[in-house]
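A.B. asks: Would you mind keeping the following structure in view while I ask a few things?
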Amino acid sequence: MPLYHTEDQAMLADTARQFMADEGNIAKQLRHYRDMNCKDGFGHALWKQFAELGFTGILVAEADGGLGMGHVEAGIVLEEVGRNLTPSPFLTSSVMAATALGAASDELRGRYLPGLLAGDSVFAVAIDEGPKHRPERIATKAERAGNDFKLSGAKTFVVQGGSADMLVVAARTAGSDEDDAGITLFAVPRDAAGLSVENARLVDSSQAAHVKLDGVQLDADAVIGEVDGGREVLNRVVRAGRVGAAAESVGVAQGSFDMTTTYLKQRKQFGKLIGEFQALQHRAAHLYSELEIARATVIKAQQLLDAGSDKADLMVSVAKAKAGKAAGLAVKEGVQMHGGIGMTDEYDIGLYMKRDRALAEFMGDLYYHADRVAKLSGY
Amino acid sequence: MSDLEAFRAEIRAWLEENCPPEMREPPRDEDDMCWGGRNFQFKNEAQKLWLERCAAKGYTVPEWPTPYGGAGLSPAQAKVWREEMNRLGARPPLSSFGIWMLGPALLKFGTEEQKVHYLNQIARGEIRWCQGYSEPGSGSDLVSLQTFGEDKGDHWVVNGQKIWTSYANKADWIFCLVRTDKANKYQGISFLLFDMASPGVSTKPILLISGNSPFCETFFDNVAVPKHQIVGEVGRGWDVAKYLLGHEREMISGAGGNDRLNTIGAFAKRNGLEDPLLRAELAMFDVDALAFSAMGEKFLDEIKVGKAHPAQPNMMKYAGTELNKRRHELLMAAGGSAALEWESESSNHGGKARSWLRTKANSIEGGTSEVMLNVISKRILDLPGA
């Protein structure tokens, strides 16, 4: 399959680009909800519009009322989200939770998917337990009590956790913290007794929660997939999250880059446009090169994932690492090349830097994924 | 089964049947590759057989039209060909500047007679070409070149000097930039083809820091070149030259290379990998190498259907060569003192060290990294005054 968008995908990209630029732009969404100190950090009206366009069901099977598309299509939406810094629960709900629910029973899918498709529901995914992404280690326990399970533990960096109607929680039903086996995924409703969610506003004005599970009692119906066999589904969820975050990073990088090259063509110093200085031209050209490579890596990973290739896992880590690297460079060069104005809150370039920082951390940073590439390559 | 899958099965079976086992290993270095030409000495029977079998099917240049010696594959089929070659670890049957550089230029600018004549020779590996571009005073500023062809009616008489002519001493013919009009800088250059055995042509290898001499000085002393041996119009050679440079840069970038050769961490581990910081550097490198291999695939896919920016080969060249230099720095570090050996049998006569030094030219030849960044600034980013 060639590494560019099909005609249908290019049409979707046009739709997403126009919609996000018109409705999801920084003034209307990010700044608006940030400045009103919104507890969700995003607009529910926009989330409804995502649903009207079908975006919320991109990864939901057609049999369940979704569009039954793949990670390439989800990535198309995420790139525009990134470019416009559009706050939305798309990545956690429609990419990660939807991937988890894909493995769930008819009953659970019937309970949760209609709300997602309609843009009424928001879901979060609770995996990490410390300040760094380490899904290999799950200590949160789910103990059997008859037909029920009792969940105890603490989760960190649960993006949109405070707004979520349901949280997908990875817990341990057997084995020790680092075991591959013995993981079970649960769909935990927001109002479950013993569940406490403490919202924290992050540097980029997104909301992520500290979640405590203090003997949360769930019946067996809440299990997503197989008891003790959740690792495989969890892997699918994190891969979806990683490649999705990588696509969003490419959008962040592109948005920051476009803003910066525009500035290079406008700003004058020493009687010249600063874009005439070779010192800046070469750095901009290098950044272009890194950004192009990151974009290629992300679409390669998306296609491999959609094709079910056994090379997908490696390439997803390459994509998350490379996109993070390119976006990190894009925002740092962006602020530097803007000079003093880049340090002001009034100007948007700094918002890109903040978003990149949060996205870089989400689902594993450059160091985590480079290490993973080494391990998967046998060293 | 789709047509493409049927094609894949056919190619896979053909390769299994026809690619000799010795040709399923990457070449050790440039000297171990098959370059073809009048005087080429095959390393072994397998190398000869592999070339003959591929040439008979048009597989030395799978995408060229069949009348010109190719197999006429579509972009999608050619991708399958590359994937199946990589899968087997098969090395290219023929490597040549004719395939990478002159061929594409002839396909675009050549007359029908030129295409039939020269392209078939290239495809069969009969003629080995070299490139006469740089001159002692014209490196990055190539357009200032001085080699002059004086109009003598039915032929030109060429005088001047080229430098960094890769394998000029082994090549049969040269494609050469020659000034045919001294008054016109850009539109005074013509793109000429001539036999290196012509009276007045001489070459002198240049000893490089690698201890090898892949490049030559090439001298022209009253060399007669018939008028029909021009590609494109008189005075419009710069257009051909620039088009060809795009292909040269694509070639040097390494896009479409064998995936298995791109990453180095696992390879480095064979010598033991006890230093965690070196391991980290290797991991960071492998991320970039795998990412660049996706870029190479995307670039080739896009260029075949006209979706790539016309100046994109400059980006590929910049990124690919800088990556390759980093690759060899790390291979030297991973190799330790063993990689320093210059003449021993066990080191394949300094293979690692010589390759490391050879790569330093990657970001100079075919346009320096700095020139590539200039071109990206100007043609892709449209930055002012660039």
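A.B. asks: Number of Lys pairs in the stretch A:120-260 with C-alpha atoms less than 12 angstrom apart, excluding same-chain neighbours closer than eight positions?
C.D. replies: 5
A.B. asks: Another question, then. In Å and whole numbers, how far do the C-alpha atoms of chain B stretch along each principal axis, longest first?
C.D. replies: 67, 48, 47
A.B. asks: Over all Cα pairs of the stretch A:212-308, how is the pair count split among 5 Å bins, expressed in % and running from 0 up to the last occupied bin?
C.D. replies: It works out to 2, 10, 14, 13, 11, 9, 9, 8, 7, 5, 4, 4, 2, 1, 0, in whole percents.
A.B. asks: Can you tell me the alpha carbon radius of gyration of the stretch B:92-197 divided by the globular rule-of-thumb value 2.2 N^0.38 Å?
C.D. replies: 1.09
A.B. asks: Give me the mean projected area, in nm² to one decimal, of the convex hull enclosing the Cα positions of the stretch B:227-385.
C.D. replies: 13.1
A.B. asks: Once the Cβ-Cβ distance between B:Lys43 and A:Asn37 is put in as r, and R0 is 60 Å, what FRET efficiency do you end up with, to the nearest 0.05?
C.D. replies: Computed FRET efficiency for B:Lys43 and A:Asn37: 0.25.
A.B. asks: Further, regarding this structure: Please report the equivalent ellipsoid semi-axes of the stretch B:278-343, computed as sqrt(5 x eigenvalue) of the Cα gyration tensor, largest first, in whole Å.
C.D. replies: 31, 13, 8
A.B. asks: With the radius of gyration and the Kirkwood radius both derived from the Cα set of the stretch A:125-228, what is their ratio Rg to Rh?
C.D. replies: On the Cα set of the stretch A:125-228, Rg over Rh gives 0.96.
A.B. asks: Follow-up question, since we're still on this one. Considering only Cα-Cα distances, which of the following residue pairs are longer than 29 Å: A:Lys325/B:Lys269; B:Lys204/B:Lys242; A:Lys311/B:Lys108; A:Lys325/A:Lys375; A:Lys265/B:Lys108; B:Lys227/B:Lys307?
C.D. replies: The pairs that break the limit, which is 29 Å between Cα atoms, are A:Lys311/B:Lys108; A:Lys265/B:Lys108; B:Lys227/B:Lys307.
A.B. asks: For B:Asp221 and B:Ser2, FRET efficiency with R0 = 60 Å and r from the beta-carbon atoms, rounded to 0.05?
C.D. replies: Efficiency computed from Cβ-Cβ geometry: 0.55.
A.B. asks: Semi-axes of the equivalent ellipsoid for the stretch A:7-122, please: Cα gyration tensor eigenvalues, times 5, square-rooted, ordered largest first, whole Å.
C.D. replies: Equivalent ellipsoid of the stretch A:7-122: 24, 18, 10 Å, largest first.
A.B. asks: Can you compute the radius of gyration and Dmax for the stretch A:232-376, using only the Cα atoms, both in Å?
C.D. replies: Considering the stretch A:232-376 through its Cα atoms, Rg and Dmax are 16.8, 61 Å.
A.B. asks: May I ask you to evaluate 6.51 cos²θ - 1.76 cosθ + 1.60, the Karplus curve with θ = phi - 60°, for each residue of the stretch B:299-314 and list the ³J(HN,Hα) values in order in whole Hz, giving x for glycine and proline?
C.D. replies: Working through the residues one at a time gives 4, 5, 4, 6, 5, 5, 10, x, 8, 7, 4, x, 8, 4, x, 5 Hz.
A.B. asks: Using a 10 Å cut-off on Cβ to Cβ distances, tally the other chain neighbours for every residue of A:290-301 and report the average as a whole number.
C.D. replies: 6
A.B. asks: Given a cut-off of 33 Å, what percent of all Cα-Cα pairs of chain A lie beyond it?
C.D. replies: Percentage above 33 Å: 28.
A.B. asks: Taking amide H positions as placed 1.01 Å from N in the peptide plane, with prolines and chain starts having none, which residues 5 or more places from A:Arg134, or on another chain, fall under 5 Å of its amide H?
C.D. replies: A:Glu129
A.B. asks: Viscosity 1.306 mPa s, temperature 10 °C: what is the translational diffusion coefficient of the stretch B:6-149 from Stokes-Einstein with a Kirkwood Rh over Cα pairs, rounded to a whole number of µm²/s?
C.D. replies: D, rounded to a whole number, is 97 µm²/s.
A.B. asks: Follow-up question, since we're still on this one. If you plug each phi of the stretch B:272-287 into the Karplus form 6.51 cos²θ - 1.76 cosθ + 1.60 with θ = phi - 60°, what whole-Hz ³J(HN,Hα) values come out, in order, with x for Gly and Pro?
C.D. replies: x, 9, 9, 8, x, 6, 5, 4, 4, 5, 5, 5, 4, 5, 4, 4
A.B. asks: Right, next: Ranked highest first by the average count of other Cβ atoms within 10 Å around their residues, in what order do A:156-163, A:200-207, B:345-352 fall?
C.D. replies: Most protected by this proxy first, the peptides run A:156-163, A:200-207, B:345-352.
A.B. asks: Mind checking B:369-380 for the average number of partner chain beta-carbons within 10 Å of each residue's beta-carbon?
C.D. replies: That works out to 4 on average.
A.B. asks: Can you give the translational diffusion coefficient of the stretch A:203-248 in µm²/s, computed by Stokes-Einstein from the Kirkwood radius over Cα pairs at 4 °C and 1.567 mPa s?
C.D. replies: 95
A.B. asks: Average partner chain C-beta neighbours within 10 Å, per residue of A:274-283?
C.D. replies: Counting Cβ atoms of other protein chains within 10 Å of each residue's Cβ and averaging gives 5.
A.B. asks: Could the peptides A:316-324, B:211-219, B:9-17 be put in order, highest first, of the mean number of other beta-carbon atoms found within 10 Å of their residues?
C.D. replies: The most tightly packed comes first, giving A:316-324, B:211-219, B:9-17.
A.B. asks: Using the C-alpha gyration tensor of the protein assembly as shown, what are the square roots of 5 times its eigenvalues, in whole angstrom, with the largest one first?
C.D. replies: So the equivalent ellipsoid measures 54, 29, 24 Å along its semi-axes.
A.B. asks: Follow-up. Show me B:329-336, A:72-79 ranked by packing, highest mean number of other Cβ atoms within 10 Å first.
C.D. replies: Top to bottom by mean Cβ count within 10 Å: A:72-79, B:329-336.
Bear in mind these aren't lab numbers, they're just calculated from the coordinates by the rules spelled out. Quick caveat, the model's predicted, so the values are computed rather than measured. Cβ atoms come from the backbone with ideal geometry, glycine included; neighbour counts cover every protein chain shown.
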